[in-house]
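We did not get these values from a lab; they are worked out from the coordinates using the rules stated. Nothing here was measured: the structure is a model prediction, and the numbers come from that model. Here Cβ is always computed from backbone atoms with ideal geometry, including for glycine, and neighbour counts include all displayed protein chains.
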Amino acid sequence: MLAIRRKIAPIMAVFFGAICLASAFSIRAEFLLEFAHPASSAGNFPGSCHAGNGDQGMCNTAGAAEEFDPDTTPFTQESVSIDGVSYWHQIIGDPEQGFAMETYIQKGVAGFTSDSGGRNSNFSFGLYRGDLDVQSGNGWDPLGLDPSRDHHFTGNGTANPTKVVMRQVLGGEWDATSKAWRCGSAIFCMDFTKASLNEKPRITQAVNDDPVGFSAFFDLDMSNSNYADATTAGTIINTVTLPIALPPSASVPMVGSGNAGNFDNGGSFNMATDTQKSLVTGGRYTYSAGAGWVDTGFDSGYQTWDYDEGTYSYDDGSFDHLGVTWGSYFDQAQNPFPGPGNEGKCDSGAITGSCL
C-alpha cells in the first residue's frame, strides 16, 4: 500500500474516480484478445465490476469512490507485464450482448498514467480542489459533450498507437462453448483488431439482411505495414449484393439484372473484378510520436496537465484525428445508464458524492 503523498500518482481517468491503490500485477507471455474476464481479480490491480467473477471492487464511483456506480456494463482493469513491459489491460462490455472492447496500453513513466493524454484523476487529497470533477479527471466528460473540452481534456485520439494492442467488436455472434466471437450469419458485425504493437489494424464489417436479399462485406487489412511505412497499401475486399430491383410490372426491358453473369439477383459489386479504376490508399500513412507527458498534473494538484501527442501523415488526403466530435455518437436511447462520465451521472442524480 502506498502511503506518502509523493507516491500517490495520477491514474488513467477511465476509472471515473473509482480507484484503489495496489501494486500487484500479472505476467503474461503474449497479448490475448479473447474478452476473457479473469475468473478472479484477487491480487490484480485494480479489479473488476459486473464481470461475472464475483469481484465488485471497481463498482464504486463518486467522491473518493463512495457510491455504487449505476452502470452495470461489465468492466475489468488490471496491470499486466508482457515481455518485461507493463501495460494497463481493460475489458469493457460483453461480446454476447453485442459490444466488447479489449485494450492493452503501455503504462506511462509516472505512476498510473498511460501512453495517452487527457486530464488525470486521483482521490481528493493532494488536489487543488476536492470536488468530483477534479477527482474524475477526463472521466468527468469522457466524450467532450461540453464543446469547451477538447482532446486536451478527454485524451481522445492522443494515444501512441505503437504502444497499444486492442480489439473492438459490434454485433456478430458469440459461441458460449468455445468462448469465441465471429461475424457468422448475424445481420451486422464489425471487428476492429490491432493485434500487435507495431502493425496497423484490420477492420472488417458485414451486413447480411436476408429478408430483403441485401448483403455487404468490407475487409481492410492494414497489418501488412508498420507505422513508419506509407508506401504499402492494405489488402481490401469490398463486395455488395442487391436484391431483385424491379417489380413485376416494370416496363423497362432488362437483360440480366446487374453485372455480367449475375442474373439471379438485383446486382452485385466486387471491387476485385468490377472496378474500372482502383487506387487503394488505405494503410498508406505514418505516425510520428510526440514528447508524451510534459506535465502529468501532479505538481499542480491536477489543475494543469500537458500531453504532447503525435502526428499522422497520409499519402493521400488528411484526417483530423483530434477534431472528432465524439459526443455526436452518444445516443442516450441506446445507453440506458446515466452518463457518459460522472458529469452526466451527477446531473441525473444517479450519484451525489462531491458533485458540483
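The Cα atoms of region 262-356 give a gyration tensor whose axes a ≥ b ≥ c have a/c of 1.5 or more with a/b no greater than b/c, which makes the shape oblate.
Between S148 and Q334, the simple spin-label model (points 7 angstrom out along Cα→Cβ) gives 2.9 nm. Taking R0 as 35 Å, what FRET efficiency do you get between F218 and D295 from their Cβ-Cβ distance, rounded to the nearest 0.05? Here the calculated transfer efficiency is 0.25. Taking 0.36 nm per residue of sequence separation and removing the Cα-Cα distance, the V207/T311 pair yields an extension gain of 34.1 nm. Each residue of region 122-132 is assigned a 3J(HN,Hα), and the resulting list reads 6, 5, 5, 6, x, 8, 5, 8, x, 5, 5 Hz, derived from the Karplus form 6.51 cos²θ - 1.76 cosθ + 1.60 (θ = phi - 60°), x at Gly and Pro.
Karplus-derived 3J(HN,Hα) values for region 314-325, using 6.51 cos²θ - 1.76 cosθ + 1.60 with θ = phi - 60°, are 10, 5, 9, x, 7, 8, 8, 6, 9, x, 5, 8 Hz; glycine and proline are entered as x. Note on W326 and A180: their simple-model spin labels are 3.2 nm apart, each label 7 Å out from Cα toward Cβ. Within straight-line reach of K163, meaning a Cα separation under 19 Å, sit the following lysines at least 8 residues removed in sequence or on another chain: K107, K194, K200.
Between T232 and Q276, the simple spin-label model (points 7 angstrom out along Cα→Cβ) gives 3.3 nm.
When each of E96, E199 is scored by the number of other beta-carbon atoms lying within 10 Å, the sequence from fewest to most is E96, E199. Calculated FRET efficiency, E30 to S318, Cβ-Cβ distance, R0 = 41 Å: about 0.70 to the nearest 0.05.
Remark: W326, W88, W140, W174 ranked as W326, W174, W88, W140, counting other beta-carbon atoms within 10 Å and listing the fewest first.
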